[in-house]
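Working notes, structure below.
Quick note: the coordinates plus some simple rules give every number you see, no bench work behind them. Not measured: the values here are computed from a predicted model. Neighbour counts run over all protein chains shown; Cβ positions are idealised from the backbone, glycine included.
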Amino acid sequence: MIDSEDVFEEENDGADGADRRELEELYDQSLKNFKAGTVVSGRVVQVRSGSVMMDLGYKSDGIIPADHFTPAELAQMKPGDEFEVYLEAAEDANGNLVLSREKAKRMHARESLNHAYETGTPVKGTVLSKIKG
């Protein structure tokens, strides 16, 4: 004898299985892949006296030390501002992403210099020191 609950469960398993796979695919697409050593874009959540909290779309916020910014940048910074940051580590002891604005700027500058070299574009710069020899 066939139980009506068994038939109902079998019918729902097919629909739930497809819906579940679709939901899993959508969830996987919504998550960003975070790998240490990459530059990612983020949005300022909060500016504190010693740090800047960033939202990168990860499960936890990221922290950038305030000394990575000039005083003028910190004064103008407000929640919602977006910029690129370097992901140093996936999580610190408190579960926050460890970020660096300085390293992101250096990587961007390096990419710009490489592009200028490859295309033969002149680059403007400032001489900081001279080495005798």
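Projected label points at ASN94 and VAL45, each 7 Å from Cα along the beta carbon direction, are separated by 1.1 nanometres. The string of couplings for the stretch 96-105 from the Karplus curve (6.51, -1.76, 1.60, θ = phi - 60°) is 8, 5, 9, 10, 9, 7, 4, 5, 5, 5 Hz, one whole number per residue in order, with x for Gly and Pro. Using alpha carbons only, the radius of gyration of the stretch 16-133 set against its Kirkwood radius gives Rg/Rh = 1.12. The slack between GLN76 and TYR117, meaning 0.36 nm per residue of separation minus the straight C-alpha distance, is 11.4 nm.
Within 10 Å, count the other beta carbons around each residue, average over each peptide in 54-63, 100-109, 124-133, and list them highest first. Write out the running numbers ahead of the final one.
On the way: 54-63: 17.8, 100-109: 15.9, 124-133: 4.4.
Per-residue Cβ counts within 10 Å, averaged per peptide and sorted highest first, yield 54-63, 100-109, 124-133.
Computed from backbone phi, the HN-Hα couplings of the stretch 56-62 come to 10, x, 9, 5, 10, 7, x Hz, rounded to whole numbers (Karplus: 6.51 cos²θ - 1.76 cosθ + 1.60, θ = phi - 60°; Gly and Pro given as x).
Report, in listed order, any pair from LYS35/LYS124; LYS103/LYS124; LYS78/LYS124; LYS35/LYS59 with a Cα-Cα distance greater than 24 Å. Violating the 24 Å Cα-Cα cut-off are LYS35/LYS124; LYS78/LYS124.
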